[in-house]
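Accompanying notes for the structure given below.
The values are calculated or read from the model by the stated rules, or taken from the named source; none is laboratory data. Just so you know, these numbers come straight off a predicted model, no measurement behind them. Cβ coordinates were reconstructed from backbone atoms using ideal geometry, including for glycine residues, and neighbour counts include every protein chain displayed.
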Amino acid sequence: MTNYDKVVEAKLLDMIPSYQHFLNGIESSDVVTNQLQQIRNQQGSHLFNTNALFNTNYSAPNFVGITKWLNTDKSLSLKDLKGKVVLVDFWTYTCINCIRTLPHVTAWYDKYKDKGFVVIGVHTPEFAFEKDTGNVENAIKQFGIHYPVGQDNNYTTWTNYSNEYWPAEYLIDAQGNVRRTHFGEGEYDQSEKAIQQLLKEAGQKVATNIENMPDQTPHEEISPETYFGASRMAYFFSNGTLPTGIQTFTLPTSVPLNTFAFGGGWNILNEYAQAGASAVVKYQFTANNVYMVVGPGNQKNGSVHVLLDSKEITSENAGEDIKGSTVSVDSQRLYHLVNLHGKAGEHTLQLEFGPGIQLFTFTFG
């Protein structure tokens, strides 16, 4: 009733990171997984034609267990927003798919906020460092977010919505019913048309023009998101996964497409891999852009030297976070490594890490 169990759980996660893996073990068990699937199937009975403008119709779940509200001076509930059209946007600030979606969401809010339209950003972290309020506040400023954002650090609202994706959008009408859901990127014109229609249903007069903003959703084949922590590792060459612990690796001369190899010393933990002496990663990818989520560890900053196809990366193909051929790692965030400017293809990426750097994921676009 008081949600104090969540307060205790959050403190345990901060004090004992391995507690998360104990929870994961319970939550991913066959019994729990089967029960959750039954609930999802029951909720799925609300679905209409998924290709329609309005593809569902059910009473919207409320916001629960929000640890902190940002961009607003009070806690919010759907009861407070009755009579308004509400877009609930699940996101997290290191997710490249969310980052590509945010310009559209912020534009809709700025365009329709005076017509009874509200966006609620639900920031549900993928990694422990994304729970930090200061980090989320910095992201809010970086991406020009002016609408309220709730920190869903314990996945309580995520669970209440039976959500499974970043980004995920739930469009709620003025009567408090979810009328449209969309998961992932794209369909921006359809989403805006749905917003316009629900505002008209609520008695608002709105223009029918659609935001003319580029859709950056990748349409070519790209490499999968790749995790380097032991709990979600899947593409290590050649065993797929690795156990936790300090290990030394010999870097192979080549790796197959969509796999990676370590070289040098690494400490493999559940959520990330931490670079030791002469630490290297080699990845064979196909994409137009490459991003990585890394942090400096216990030091203030570190560096990563970048090679593309066995040569130092040049300004022609460098992402925006590379200076020369090096990335300066000064905070835990998403870094842009490679930009092939629309010429997606298969390439070899090799990264040489300074000691102590924590490597979480590669993502592609």
Residues to consider are Gly342, Gly365, Gly324; find the one that is in contact with a strand residue (DSSP E or B) (Cβ under 7 Å, 6 or more places away or on another chain) and modelled with pLDDT under 95.
Gly365
Of the conditions (1) free of Cβ contacts under 8 Å to residues at least 24 places away in the same chain; (2) assigned to a loop (DSSP other than H, G, I, E, B); (3) assigned by TED's automatic domain parsing to the domain that holds Gly116, Asp189 clears all except one; give me its number.
(2)
Tell me, which residue of the stretch 175-222 that is small (Gly, Ala, Ser) and under 26 Å from the mean Cα position of the chain (by Cα) is farthest from Asn62 (Cα to Cα)?
Gly186
Taking the condition of being of a type in the set (Val, Ile, Thr), in a loop (DSSP other than H, G, I, E, B) and either touching a residue at least 12 places away in the same chain (Cβ under 8 Å) or touching a strand residue (DSSP E or B) at 6+ places or on another chain (Cβ under 7 Å) (or both), how many residues in the stretch 237-276 meet it?
4
Going through the stretch 93-137 one residue at a time, which ones are over 23 Å from Thr181 (Cα atoms) and in a loop (DSSP other than H, G, I, E, B)?
Phe127, Asp132
Can you pull out the residues in the stretch 217-273 that are closer than 25 Å to Glu185 by Cβ, surrounded by fewer than 18 Cβ atoms within 10 Å (Cβ to Cβ) and of a type in the set (S, T, N, Q)?
Thr217
Sort out which residues of the stretch 71-108 are aliphatic (A, V, I, L, M) and crowded, with 17+ Cβ neighbours inside 10 Å, and write them in order of number.
Leu76, Leu78, Leu81, Val85, Val86, Leu87, Val88, Ile96, Ile99, Leu102, Val105
On the given criteria, is Ser303 hydroxyl-bearing (Ser, Thr, Tyr), more than 17 Å from Gln350 (Cβ to Cβ) and surrounded by fewer than 17 Cβ atoms within 10 Å (Cβ to Cβ)?
no
Residue ID - farthest from Asn163 (Cα to Cα), chosen from residues in the stretch 177-208 that are basic (Lys, Arg) and at pLDDT 95 or above:
Lys200
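Quick check, is Ile140 part of a helix (DSSP H, G or I), closer than 25 Å to Ser75 by Cβ and not assigned by TED's automatic domain parsing to the domain that holds Glu271?
The answer is yes for Ile140.
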